[in-house]
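Enquirer: Handing you a structure now.
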Amino acid sequence: MEKMYKITAVIENRVAVLNKITSAFLKRHVNIESLNTERTTPEAVTITVVAHAPHETVQRLTAQLGSMWDVISVTCKEEK
């Protein structure tokens, strides 16, 4: 069953990292409902994505994002 999830990732502030993140959503056929970016330090950016997808897909997506070289940390919460 599909639910709404908020995925937050802290990433290195480099060229094309946001493209890698959004491409991971594309490959899993997950529609991004909302995307927000915020520079937290000169070296890091926080990305918050709200997406509607099955739980298993979000788990795999979160694991994939966490394994990316440019991703510092990833958290996922179910939206109510």
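Enquirer: Going residue by residue through the stretch 22-29, is there one that turns out to be touching a helix residue (DSSP H, G or I) at 6+ places or on another chain (Cβ under 6 Å) and part of a strand (DSSP E or B)?
Expert: We begin by selecting, within the stretch 22-29, every residue touching a helix residue (DSSP H, G or I) at 6+ places or on another chain (Cβ under 6 Å); these are 24, 28.
Subsequent filtering for residues that are part of a strand (DSSP E or B) retains none.
No, the conditions are met nowhere in the stretch 22-29.
Enquirer: Still on this structure, please answer the following. Taking the condition surrounded by fewer than 16 Cβ atoms within 10 Å (Cβ to Cβ), free of Cβ contacts under 8 Å to residues at least 24 places away in the same chain, in contact with a strand residue (DSSP E or B) (Cβ under 7 Å, 6 or more places away or on another chain) and of a type in the set (Asp, Glu), does Glu38 pass? Break it down stepwise before answering.
Expert: Numbers: surrounded by fewer than 16 Cβ atoms within 10 Å (Cβ to Cβ): yes; free of Cβ contacts under 8 Å to residues at least 24 places away in the same chain: yes; in contact with a strand residue (DSSP E or B) (Cβ under 7 Å, 6 or more places away or on another chain): yes; of a type in the set (Asp, Glu): yes.
The answer is yes for Glu38.
Enquirer: Kindly provide the set of residues from the stretch 30-41 that are polar (S, T, N, Q) and either part of a helix (DSSP H, G or I) or closer than 18 Å to Thr75 by Cβ (or both), ordered by number.
Expert: Here is the first cut: in the stretch 30-41, the ones polar (S, T, N, Q) are 31, 34, 36-37, 40-41.
Passing the criteria: Ser34, Asn36, Thr37, Thr40, Thr41.
Enquirer: Out of the stretch 9-21, which residues are of a type in the set (S, T, N, Q) and part of a helix (DSSP H, G or I)? Step through it out loud before you land on a result.
Expert: Just the residues of the stretch 9-21 that are of a type in the set (S, T, N, Q), to begin with: 13, 19.
Scanning the stretch 9-21 gives a single hit, Asn19.
Enquirer: If I go through the stretch 42-80 residue by residue, how many of them are part of a strand (DSSP E or B) and either of a type in the set (A, V, I, L, M) or exposed (fewer than 14 other Cβ atoms within 10 Å of the Cβ) (or both)?
Expert: Of all residues in the stretch 42-80, those part of a strand (DSSP E or B) come to 44-54, 71-78.
Restricting the remaining residues to those that are either of a type in the set (A, V, I, L, M) or exposed (fewer than 14 other Cβ atoms within 10 Å of the Cβ) (or both) gives 44-45, 47, 49-51, 53, 71-75, 77-78.
Going through the stretch 42-80 one residue at a time, the tally reaches 14.
Enquirer: Checking the conditions here, which among Ala51, Ala9, Ala44, Ala16 is among the small types (Gly, Ala, Ser) and out of contact with any strand residue (DSSP E or B) (no Cβ under 8 Å at 6 or more places or on another chain)?
Expert: The conditions single out Ala16.
The numbers here are math on the coordinates, done by the rules we state, and not lab data. All values derive from a computational prediction rather than experimental measurement. A quick note on method: Cβ atoms are made from the backbone with ideal geometry, for glycine too, and the neighbour counts reach across all protein chains shown.
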